[in-house]
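Working notes, structure below.
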Amino acid sequence: YPENIILVSDLVVLGSGADQTIITAAGGNVVSATNVVDVTLAGFTIDGQGAASNGIFCGGVTAVMRINDNIITGATKGIRCSDSANVSIWSNTIRQNIEDGIYCDGSANVDIKNNTIEQNGRDGILCVDSAQVTINNNTINQNGEDGVECGGSSNVNIDDNYLEDNGRYGVACNGNATVSVRNNDIRRNGIGIHCWNRADVKIQGNNIKENSSVGMYLSGSCQFEISSNTINYNYDHGIMTRLILYL
């Protein structure tokens, strides 16, 4: 289907499988849902062909948008959740997008679970503005910059994920973001966790290993609660601090 798709309310759109049903567009949003209620999109490959702005765009006061069992590739941003959209992103493969796999901004409320998010040009997941995001049980690897970046005034819970082989940071927390990082495997990134610039972060129960620089790098005027992590076999330091630190 070489066209831009606009979804409306009370709609379930089911493909016959991502290997068989493909939506493509070389500009704009391949699929968009704005100001909709109770929409499901499942079973497609959504291909931005290296030119679309977003593979899937969810915005406005979207009440319920479910994105399940798709492959999303080839867009500038794989999925963008903006404004006051409420979005569930479950069991997708989000790969090889030009910038970010998933981008959450505005006051979006987003649940990201059981996805594979890999080989995107910048971040696997980027959360900014006042986005409220839960990131649970995903594999987030081989992204060009960060596995997960949290900035602005976002509020993000990052639990039980594999964050591996990302080019810069496994998890990055900055600005006024409030972030919980719990029970993740964070391995072979440039730096495992980097927090700076007024972030408020709880880091608990993670395995932070084999990162090519520092396991955990804390800098700037931030607040931290750090407990029960395993931090070893990192190339340079387990923990490096250059900040005013409140424990």
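Considering the conditions (1) touching a Ser or Thr at 6+ places or on another chain (Cβ under 7 Å); (2) under 21 Å from Asp123 (Cα atoms); (3) open to solvent by 10 Å² or more (accessible area, probe 1.4 Å), Asp160 is excluded by exactly one of them, (1). For segment 213-224, the candidate set comprises residues that are out of contact with any Asp or Glu (no Cβ under 8 Å at 6 or more places or on another chain) and either among the hydroxyl-bearing types (Ser, Thr, Tyr) or in contact (Cβ under 8 Å) with a residue 60 or more places away in the chain (or both); within that set, the residue that is nearest to Arg182 (Cα to Cα) is Tyr217.
Scanning for something touching a Leu at 6+ places or on another chain (Cβ under 9 Å) and either modelled with pLDDT under 95 or of a type in the set (Ser, Thr, Tyr) (or both), does segment 102-122 turn up at least one residue? For segment 102-122, residues touching a Leu at 6+ places or on another chain (Cβ under 9 Å) and either modelled with pLDDT under 95 or of a type in the set (Ser, Thr, Tyr) (or both): present. Within segment 64-94, the set of residues being closer than 13 Å to Asn54 by Cβ and of a type in the set (Lys, Arg) comprises Lys77, Arg80. Applying the criterion of being in contact with a Gly (Cβ under 7 Å, 6 or more places away or on another chain) and not basic (Lys, Arg) to the residues of segment 163-175, the residue that is surrounded by the most Cβ atoms within 10 Å (Cβ to Cβ) is Gly170. For beta carbons closer than 7 Å, sequence separation of 6+ or different chains, a first residue in segment 225-237 that is surrounded by 12 or more Cβ atoms within 10 Å (Cβ to Cβ) and a second that is at pLDDT below 85 and assigned to a strand (DSSP E or B), the qualifying pairs are Ile231/Gly238; Ile231/Ile239. For segment 76-90, a residue qualifies if it is at pLDDT 95 or above and either of a type in the set (Val, Ile, Thr) or more than 12 Å from Asp111 (Cβ to Cβ) (or both), and the qualifying residues are Thr76, Lys77, Gly78, Ile79, Arg80, Ser82, Val87, Ile89. Is it the case that segment 51-63 has a residue that's surrounded by 24 or more Cβ atoms within 10 Å (Cβ to Cβ) and more than 21 Å from Glu99 (Cα to Cα)? Yes, the conditions are met somewhere in segment 51-63.
The values are calculated or read from the model by the stated rules, or taken from the named source; none is laboratory data. This is a predicted model, so every value here is computed, not measured. Note: ideal-geometry Cβ built from the backbone for every residue, glycine included; neighbour counts use all protein chains shown. What goes into the accessible areas is simple: the full protein's heavy atoms, side chains included, and nothing from ligands, DNA or RNA. Shrake-Rupley method; radii C 1.70, N 1.55, O 1.52, S 1.80 Å.
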